[in-house]
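K.L.:
What follows is a single structure, and I will ask about it in a moment.
Quick note: the coordinates plus some simple rules give every number you see, no bench work behind them. No experiment lies behind these values; they were computed from the predicted model shown. Cβ placement follows ideal geometry from the backbone for every residue including glycine, while neighbour counts extend to all protein chains displayed.
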Amino acid sequence: MRECLERPGEEGVTACQQALALALPAARAATLRRVLAGRLAALKRWDDAVEVYRDDVRARPGDAEAQRRLGSALLYLTGRPADALGPLQESIRLRPNEPAAYAELGVALAELGRADDAVAAFEAAARLDPAYFESRPAAQATFDAARRGQRWP
């Protein structure tokens, strides 16, 4: 795992993949998958990063954070908001008090032109954390646009 963290670029990706091929404890494998997905995303290998997140969900289907990361990757890395809905909704089902999953669901719904549903998701995020949007201007702008029945940007 150390080589995965220390080697640059494609060498680091290969080291991560080799480490994942070993029989690692579940928690360590999950951490390694997150590192690998991040490295792939940094190399603009979006689809490969999504597949690593899918592998994480397959390994830990009941983990809300794994589901949210997959939904987020589908939404932001590959621009597939319709595909992001399922994992984001599952994340919310598994951990209903997590504002980030609601906000990301709101973004996906807004991108799909479902303004009323997006507003409901954004409002749920704001109820759970009234300060959630303070440091997230793009999410706030998407929320505001959805309230007007528009898309952002």
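K.L.:
Mean-square fluctuation check for the chain, GNM, Cα pairs under 10 Å: which of Arg54, Arg68, Arg28 is largest?
P.N.:
Arg28
K.L.:
Through the Karplus equation 6.51 cos²θ - 1.76 cosθ + 1.60, θ set to phi - 60°, convert the phi angles of region 81-92 into ³J(HN,Hα) values in whole Hz; use x for Gly and Pro.
P.N.:
x, 5, 6, 6, 4, x, x, 5, 5, 5, 4, 5
K.L.:
Skipping prolines and chain starts, which residues have an amide H placed within reach, meaning under 5 Å, of the one on Arg80, given they are 5 or more residues away or on another chain?
P.N.:
Distant-sequence amide H within range of Arg80: Leu75.
K.L.:
I'd like the per residue volume of the convex hull spanned by the Cα atoms of region 71-153, given in cubic angstrom. Don't jump to the answer; show the numbers that get you there.
P.N.:
Numbers: hull volume 6.4 nm³, N = 83.
With only Cα atoms used, region 71-153 gives 77 Å³ per residue.
K.L.:
Per residue Cα convex hull volume for the chain, in cubic angstrom? If you can, show how the numbers build up before the last one.
P.N.:
Numbers: hull volume 16.9 nm³, N = 153.
Hull volume normalised by residue count: 111 Å³.
K.L.:
Once you put a point 7 Å from the Cα of Leu128 and another 7 Å from the Cα of Glu10, both along the Cβ direction, what distance in nm separates them?
P.N.:
About 4.0 nm, to one decimal.
K.L.:
Can you give me the Rg/Rh ratio for region 1-60, using Cα atoms for both radii and the Kirkwood formula for Rh? Don't skip to the answer; put the middle values down first.
P.N.:
Numbers: Rg = 10.4 Å, Rh = 11.2 Å.
My calculation of the ratio gives 0.93.
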